[in-house]
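Report on the following structure.
The values are calculated or read from the model by the stated rules, or taken from the named source; none is laboratory data. Just so it is clear, the structure is predicted and the values come from calculations on it, not from any experiment. Methodologically, a virtual Cβ is constructed for each residue, glycine included, from the backbone with ideal geometry; neighbour enumeration extends over all protein chains shown. The protein model used for the area step is the full one, side chains on, heavy atoms only, and it has no ligands, DNA or RNA in it. Shrake-Rupley method; radii C 1.70, N 1.55, O 1.52, S 1.80 Å.
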Amino acid sequence: MFSVAVQHLKITYPSQANRQRAIYDLSFTLRAGERLGLIGESGSGKTTVARALMGLIRDEHIHSGDICYDGVSFLTLKESERNRIRWNQVALMFQNGLHVLNPVLTLSQQIVEPLIKHKSMDKKAAYAVAADYIRLVQLEEDIMGMYPHQLSGGMRQRFLLAMALACEPQLVILDEPTTAMDTELKQEIITLIDTLQRQFRFALLVISHEFPVIQSLTDKLIVLDQGQVMEEGHTSNLLHEPQHPYTLGLIQSSPELNPYLDLWGIPSLRLPSVHGGCTFYNRCTQAIERCATERPELQDCDEDNQRVSCLRGGIVTLLQANKVSKRFGKRTACHNCSISIRAGEAVALIGQSGSGKSTLGLMLAGLLPPDCGEILFENEPVKMQQVSAKMHGIQMVLQDPYSAISPYFRVKQAIQEPLDVLKQGSQANRLEQVKHLLQQVQLPNHDGFLDQKCSELSGGQLQRVAIARSLILQPKLLIADEIHTMLDPSTQANVMRLLKRLQNEKGFSLIFITHNLSLARKVAGRFIKMEQGTIIENQSALEFIHKRKAVETKSP
Ligand code: SF4
């Protein structure tokens with residue numbers, strides 16, 4: 001059975017200042033009929049892998065490792081021997097048809113030539129085979145006499161697919177096969193590739209930054225960032241339960257996987273790791289000191305065949321509540337509630353008024369003692385009034401800013417007070433932080449505003465002050481309890497967008513408590529629904545909304 005094995009491949013490109021590693025220690029095996037995806041942002045090294053598999057990387061850039069086709073080392077072969085493997089065993093379909101094809105040759109000349117060269121066919125036989133493949137990709141045979149510019153984008157992509165398949169390779173590499181296509185055309189190309197791969201059972205490597213392509217065409221997935229494997233495993237597992245913060249960031253940036261979410265993308269510029277640490281260090285929401293200098297190796301994590309490169313073993317669970325209950329007199333406010341919140345995620349806690357959301361939120365923040373059950377924050381039991389009264393803990397923003405903040409406070413005092421209580425930093429430093437936060441919540445930070453009484457502020461301004469106050473201790477988890485309900489629609493939209501931007505920039509986890517589904521789906525990637533004090537649903541926002549729509553459609 002055919003196989004290609006990439007073994008500890010390291011590729012280094014020279015740059016002016018230093019030698020930058022394009023691929024760091026990549027290994028995978030792909031056999032006949034298997035389908036593997038490579039995903040990552042632009043510049044993550046995906047196309048370098050494709051070029052290496054085709055033998056298109058200069059030998060001096062291959063730092064170490066090997067690529068073996070059917071057990072034969074490809075990298076040690078002479079160019080003439082590599083040529084025999086190209087096209088016959090492996091074919092690559094590039095992303096931009098117009099640039100890849102020769103503008104002065106007819107399509108017939110371009111598809112027939114490899115058949116003559118690599119399959120030793122005469123011209124007539126090669127033409128007949130080429131015509132078969134042209135029809136197979138659902139094009140008319142008469143396009144063979146045309147030039148590349150005479151085809152539409154979709155037709156060119158089909159033609160490139162026919163070219164890639166014509167020599168009957170055992171490995172087909174597709175580099176961004178649907179980039180810049182409209183949705184309908186994308187789906188047509190995906191369906192065509194899927195059908196042909198199932199028919200011919202060739203090994204398929206799909207390189208893409210688009211999740212729908214990866215989701216439809218691959219069974220296993222490798223996630224790359226700056227040439228390093230961040231995570232690998234079964235595609236469906238990675239998409240449903242990503243274990244690496246980078247994978248989660250990519251998923252949260254995908255409009256197809258989050259059609260309702262207000263998208264922000266992974267924050268911060270990508271910087272190469274200068275001290276040999278994790279490549280994701282400067283963008284990671286859960287980085288620790290040693291991540292700057294220590295490179296994580298790929299290791300097994302708990303999930304089925306899922307492996308992750310992270311010194312913390314993957315995305316950490318920040319908060320874990322197990323079977324928490326609370327009664328007020330005879331009324332049960334919360335019953336046996338269990339939830340967990342991971343670093344960097346935004347969760348909506350939804351339900352009607354009186355369903356127990358706020359009670360649960362207060363218990364999670366350590367502001368209300370549960371009658372029974374256990375709440376852990378960073379694996380430590382949450383003690384009353386403590387986790388919210390420390391740096392990097394949990395903060396809660398309440399529904400009514402007028403009752404949450406004393407009307408006698410000046411703006412500066414309202415925001416700075418938590419730092420004063422903890423005696424954090426000098427007075428000058430505290431003031432600096434207050435001014436910075438005011439700027440971040442888009443309020444003035446001049447002396448006049450700092451000295452203004454909170455009672456003189458509008459509802460929207462006061463809610464922003466409350467958000468700034470909650471962020472001054474740099475919480476890892478923010479619980480926002482119906483913070484929009486007392487605001488007019490325009491202010492509400494501005495405050496929600498602000499909250500989402502801050503969450504994205506600062507990387508804290510967010511529990512957004514609301515009864516407003518329309519707002520929740522703009523903010524959160526996961527929905528937890530409560531009813532009469534009990535958690536009745538806990539699933540991705542997309543699944544929740546689709547399920548709800550299906551129920552609504554079925555209802556008479
Ligand atoms: S926790 Fe550290 S090792 Fe893990 S992804 Fe973040 S920066 Fe990298």
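Structural remarks
- Of residues in the range 284-295 being open to solvent by less than 30 Å² (accessible area, probe 1.4 Å) and within 15 Å of VAL316 (Cα to Cα), the one nearest to the ligand (Cβ to nearest atom): CYS291
- Test result for GLY507, within 21 Å of the chain's Cα centre (by Cα) and on the phi > 0 side of the Ramachandran plot: yes
- Counted residues, the range 292-308 - those being modelled with pLDDT of 95 or more and part of a helix (DSSP H, G or I): 0
- PRO212 being away from the ligand (no atom under 14 Å from the Cβ) and without any contact (Cβ under 8 Å) to a residue 24 or more places away in the chain: no
- When LEU165, LEU224, LEU204 are screened for being in contact with a Leu (Cβ under 9 Å, 6 or more places away or on another chain) and within 16 Å of the ligand (Cβ to nearest atom), only LEU224 passes.
- Residue count for the range 320-350 under the criterion of being on the phi > 0 side of the Ramachandran plot and surrounded by 22 or more Cβ atoms within 10 Å (Cβ to Cβ): the result is 1.
- Given (1) under 19 Å from the mean Cα position of the chain (by Cα); (2) modelled with pLDDT under 95; (3) among the polar types (S, T, N, Q); (4) open to solvent by 20 Å² or more (accessible area, probe 1.4 Å), index of the condition THR317 fails: (2)
- One residue from PRO177, PRO169 being in a loop (DSSP other than H, G, I, E, B), out of contact with any helix residue (DSSP H, G or I) (no Cβ under 9 Å at 6 or more places or on another chain) and closer than 24 Å to MET93 by Cα: PRO169
- Taking the listed residues LEU261, LEU298, the one that is in contact (Cβ under 8 Å) with a residue 60 or more places away in the chain, surrounded by fewer than 23 Cβ atoms within 10 Å (Cβ to Cβ) and within 13 Å of the ligand (Cβ to nearest atom) is LEU298, with no other qualifying.
- Among residues of the range 37-52, those that are surrounded by 24 or more Cβ atoms within 10 Å (Cβ to Cβ) and of a type in the set (A, V, I, L, M), counted: 3
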